[in-house]
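This report refers to the structure that appears directly beneath it.
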Amino acid sequence: MALSLRPRDVRDGVVALVVLLVVAVWTLIVAHYEPEPAGRTAIGWALILVGCGALWFRRRQPVAVAVVTLLACAVYYPLSSQDGPLLIAFALALYTTAAEGRFAAAVALAAVTLLAVALGEIRQEPGQRQIDDTSLAMMAGWLISLVAVGRAQRNRVAYLHEVEQRALAAEREQEARARQSATEERLRIARELHDILGHSISLINVQSGAALHRLGKKPAPDLALATAQDALRAVRDTSKEALRELRATLGVLRRADEAAPTAPASGLALLPELVERAGSTGLDVRTRVDGSPVPLAPPVDLAAYRIVQESLTNVTRHSGARSVLVTLGWGAEELRLRIEDDGHGTPDDRPSGSGIRGMAERARAFGGELTARNIPGGFRVDARLPYTPLADKGDPA
């Protein structure tokens with residue numbers, strides 16, 4: 001089976017080879033001027049190979065490699081008179097130990113090294129010391145610097161990793177928000193299409209059905225013509241209004257270089273037209289206003305209109321009602337809507353379908369609420385929509 005090496009292992013192998021080449025070349029140069037017995041030379045080269053070769057494993061086993069290189073140096077320098085730069089291997093291993101997060105072990109190894117060198121020099125005869133006090137202090141600073149730089153590298157890597165994780169988390173959060181926004185927009189468009197098409201198609205169905213019923217009685221030609229004309233006129237007006245609202249709703253999907261819809265947006269200002277279309281089906285629709293109307297923000301205005309529209313659609317479809325009362329109660333900070341009919345809706349034949357759920361979602365979107373229930377002699381929809389009057393926002397200029 002082929003041995004697979006990770007990129008990090010390859011880099012560590014290259015570093016170990018470079019250190020070995022430096023130490024070997026230096027040792028060969030020194031050996032040319034300071035020859036020593038063959039036995040010592042062989043042991044010295046063995047220690048060089050062990051100390052430098054261990055660097056290949058410095059990031060997998062940083063503490064063990066640091067101990068091995070330190071022991072190799074501890075044997076090599078007292079034994080060999082050539083003093084090659086094998087200490088480079090220990091320095092790199094000590095730095096790696098700190099950089100890999102083994103800070104306590106790196107400090108302990110540096111302290112042991114300094115104490116061992118100091119004790120070894122103290123035991124030397126006067127005038128035989130290899131390292132004076134100044135060099136010993138410099139060595140202490142050198143060891144401390146290696147550990148400090150390794151710790152700084154560790155902190156830097158940890159910081160970069162944290163930054164990367166935060167960036168990934170922010171990217172995931174942004175993607176989640178984008179998906180949520182897209183979902184909410186799809187649901188909003190679906191709700192708008194349901195309200196527009198459901199209301200208009202229901203009216204057209206009722207109007208055409210009533211006309212067919214009257215024509216089925218085979219009235220006089222003049223009366224039949226008038227009935228057909230009234231039905232077609234009502235269907236034309238209803239479908240025209242449906243197309244207007246449909247274009248306005250689908251306008252959110254237009255490209256940036258397309259013109260915006262010019263027809264007025266749906267809102268309570270169009271309530272009389274809505275009542276008139278519902279009345280064309282034979283339903284007696286009355287409206288009542290309590291309090292003083294105030295201008296509403298377009299989203300709230302549209303939500304109020306859609307709630308009334310969907311309620312009238314449900315009355316036309318399901319209730320068999322003859323009359324319905326639409327009440328608008330204007331409060332200081334909220335608008336209360338009540339749509340009450342005299343139909344025969346019950347929990348069995350008036351299920352809480354997508355229309356009522358859509359109305360409730362509209363109310364909740366603005367911090368309000370909506371209830372729909374049977375009452376003695378009919379069905380009632382109550383909605384509460386909090387709002388901030390536009391006049392209270394002041395002049396934006």
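The values are calculated or read from the model by the stated rules, or taken from the named source; none is laboratory data. This one's a predicted model, so the numbers in the text were calculated from it and none came from an experiment. Positions of Cβ are backbone-derived with ideal geometry, glycine not excepted, and every protein chain shown enters the neighbour counts. These area figures cover heavy atoms from the full protein model, side chains too; ligands, DNA and RNA do not enter into them. Shrake-Rupley method; radii C 1.70, N 1.55, O 1.52, S 1.80 Å.
With G368, G378, G358 as the choices, which residue is modelled with pLDDT of 85 or more, surrounded by 13 or more Cβ atoms within 10 Å (Cβ to Cβ) and within 31 Å of the chain's Cα centre (by Cα)? Walk me through it before giving the result.
Working: G378 fails: within 31 Å of the chain's Cα centre (by Cα); G358 fails: modelled with pLDDT of 85 or more.
Exactly one residue qualifies, and that residue is G368.
Within segment 280-294, how many residues turn out to be open to solvent by less than 60 Å² (accessible area, probe 1.4 Å), in contact with a strand residue (DSSP E or B) (Cβ under 6 Å, 6 or more places away or on another chain) and either under 12 Å from Y387 (Cβ atoms) or not in a loop (DSSP other than H, G, I, E, B) (or both)?
So the answer is 1.
May I ask you to verify whether R277 is modelled with pLDDT under 80 and either over 37 Å from the mean Cα position of the chain (by Cα) or in a helix (DSSP H, G or I) (or both)? Spell out how you get there, then give the answer.
Working: modelled with pLDDT under 80: no; either over 37 Å from the mean Cα position of the chain (by Cα) or in a helix (DSSP H, G or I) (or both): yes.
When the stated conditions are applied, R277 does not pass them.
Take the residues in segment 264-279 that are in contact (Cβ under 8 Å) with a residue 40 or more places away in the chain and open to solvent by 20 Å² or more (accessible area, probe 1.4 Å), then tell me which one is nearest to P389 (Cα to Cα).
L268
Can you tell me which residue is nearest to the chain's Cα centre (by Cα) among those in segment 295-328 that are assigned to a loop (DSSP other than H, G, I, E, B) and more than 17 Å from A383 (Cβ to Cβ)? Step through it out loud before you land on a result.
Kept after step one, since they are assigned to a loop (DSSP other than H, G, I, E, B), are these residues of segment 295-328: 295-297, 320-322.
With the extra rule that they be more than 17 Å from A383 (Cβ to Cβ), the set shrinks to 295, 320-322.
Numbers: P295: 36, G320: 48, A321: 48, R322: 51 Å.
Among them, the one singled out is P295.
Considering L86, L79, L70, which residue is touching a Cys at 6+ places or on another chain (Cβ under 7 Å) and not aromatic (F, W, Y)?
Being touching a Cys at 6+ places or on another chain (Cβ under 7 Å) and not aromatic (F, W, Y) holds for just one of L86, L79, L70, which is L86.
Based on what the data block shows, is L243 open to solvent by 40 Å² or more (accessible area, probe 1.4 Å) and modelled with pLDDT under 75?
Values: open to solvent by 40 Å² or more (accessible area, probe 1.4 Å): yes; modelled with pLDDT under 75: yes.
Yes: the conditions hold for L243.
In the list A259, A234, which residue meets the criterion of being within 51 Å of the chain's Cα centre (by Cα), of a type in the set (A, V, I, L, M) and at pLDDT below 70?
Details: A234 fails: at pLDDT below 70.
Going through A259, A234 in turn, just one is within 51 Å of the chain's Cα centre (by Cα), of a type in the set (A, V, I, L, M) and at pLDDT below 70: A259.
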